[in-house]
1. Any idea which of (1) touching a residue at least 12 places away in the same chain (Cβ under 8 Å); (2) farther than 30 Å from Gln210 by Cα; (3) part of a helix (DSSP H, G or I) is the one Glu90 doesn't satisfy?
2. Out of (1) closer than 19 Å to Lys126 by Cβ; (2) out of contact with any Leu (no Cβ under 9 Å at 6 or more places or on another chain), what's the single condition that is false for Asn171?
3. Would you be able to say whether some residue in the stretch 96-104 is crowded, with 17+ Cβ neighbours inside 10 Å and either closer than 23 Å to Arg198 by Cβ or charged (D, E, K, R) (or both)?
4. Kindly evaluate Thr386 against the criterion of being of a type in the set (S, T, N, Q), touching a helix residue (DSSP H, G or I) at 6+ places or on another chain (Cβ under 8 Å), assigned to a strand (DSSP E or B) and within 28 Å of Tyr311 (Cα to Cα).
5. Applying the selection to the stretch 289-306, what residues are under 15 Å from the mean Cα position of the chain (by Cα) and not in a strand (DSSP E or B)?
6. Go through the stretch 1-22 residue by residue and tally those that are in a helix (DSSP H, G or I) and in contact with a strand residue (DSSP E or B) (Cβ under 6 Å, 6 or more places away or on another chain).
7. Quick check, is Gly336 more than 15 Å from Gln436 (Cα to Cα), without any contact (Cβ under 8 Å) to a residue 40 or more places away in the chain and in contact with a Lys or Arg (Cβ under 6 Å, 6 or more places away or on another chain)?
8. Considering every residue within the stretch 374-383, establish whether at least one is modelled with pLDDT of 90 or more, crowded, with 19+ Cβ neighbours inside 10 Å and part of a helix (DSSP H, G or I).
Amino acid sequence: MKNYAQYSFWLETAGENLTPRASLASSKEVDFAILGGGYSGLWTAYYLKRGNPDLRIAILEREIVGFGASGRNGGWCSSRFPVTPTVLGERFGDGVARNLLLAMFDAVDEIGRICEREEIAAHYRKGGILTVARGAHQEPSLRASYEGYCRLGLEDHFQLLSAEESRERVNITNVHAGLYTPESASVHPAKLVRGLARTLEKHGVAIHEQTEVTDVVGGTAPRLVTRSGELRATQGVLLAGEAYLTGLRKFHRALLPMYSLISITEPLTPAQWDEVGWQNYESLASYRLTVDYLTRTADGRILFGSRGAPYRFGSLITDDQDRHELTHSRIHHLVGEWFPALKGIQFTHNWGGPVGMPRDWMPAVRFDPAAHVGFIGGYTGQGVATSNLAGRVMAALFTEPSSPIARLPMAQRRSPNWEMEPLRWLVVRYMQKAFQRMDEAMEGGKPQPLDARIVETLGKH
């Protein structure tokens, strides 16, 4: 058996031994068959079951619940949507964009409500998000972000902060301005996903682990095919495998598996926390193109995450990509750069994993009534709260198709497929390197590379 605790600090500290549940031993029939034991599949099952307790639902997971991004993420239960407010307004209109973001605010609170109702001890703490402009070059992006929310009439949910006001919250170096919203929380991701699985089992949902799905069949007899039997569904098959779904040939180009890498420090001393501040447990980020996100954990550590691990040809997903020495080394350096008082601090865990990126950055929740097959996913690393909203959208497509939540723009949509190789590899690696070059130029006070406009257009989301 795999040592599942090694895949992240969160899985190691989930408070259980991670022994896999029984696999699917033989064919059986249910009402809904769900592929994927992460947030998306579990939230979908939770809301379907709440709407109709008599439904027979089974979930198939290739490894264990929380093996993927649900057990490895940065601990952000964030109201941020993968597509920016400005682009949402351009694509769907300001009214639709506003309703979607309000639904995201509610998704953050909904997770807190469920943790309380179902007694899931996931360290849920609503501290908000503080995004800082580290350097004058990041201020235009900060102001554009704030103006995008204001254009949708959401200014009451956001607060522009001066450099001094930002540092009063968290003592970060080189801060020129900040943008704060209370609409976010932090969680222990593995405790949330594992606790949600136990809740579902109490309500009669079957979860089979170490059960690999080898094929998905739609039509009049929809089913998930495994080596030990078929999970047949009377109402529908729902695909919630996120980045790992690309392992099935039929869905290989539906998403791009992009790696996000994380390091976490040893617990800070009280004196170190006095230097850093950060008493309100805000989620932290800047406007770096190569992404940074920070969390203060319940046990007093600092988590720092970033992109940077190279994309592998053919959308390859392998365990060896969970750690990338250059990226983790850069993260260690950045912690000392953000917080000079912590230079030399020890890092106890380094890990990573793939997130599912759709071609247009837009999550999708759809169900084809002719094929009886549904899809849910595509969060580009913003999946904790977004998956909760997506699960409610999927359930509403069956129970209340005319309800407002079933008409959100993620409902019944399909992103374009990613390009075939080798074009996919060439473009993605070019973009990864270009974002790094642009960050380095801006941070060094140098002119932007000649191809910056092209990169910005290709990466617009």
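1. For Glu90, the failing item is (1).
2. (1)
3. Within the stretch 96-104, one or more residues are crowded, with 17+ Cβ neighbours inside 10 Å and either closer than 23 Å to Arg198 by Cβ or charged (D, E, K, R) (or both).
4. It is false that Thr386 is of a type in the set (S, T, N, Q), touching a helix residue (DSSP H, G or I) at 6+ places or on another chain (Cβ under 8 Å), assigned to a strand (DSSP E or B) and within 28 Å of Tyr311 (Cα to Cα).
5. Val291
6. Total satisfying the criteria: 1.
7. Working: more than 15 Å from Gln436 (Cα to Cα): yes; without any contact (Cβ under 8 Å) to a residue 40 or more places away in the chain: yes; in contact with a Lys or Arg (Cβ under 6 Å, 6 or more places away or on another chain): yes.
Criteria met by Gly336.
8. yes
The values are calculated or read from the model by the stated rules, or taken from the named source; none is laboratory data. Remember, it's a predicted structure, so these values are computed and weren't measured experimentally. Every residue, glycine among them, receives a Cβ derived from its backbone with ideal geometry; neighbour counts consider all protein chains shown.
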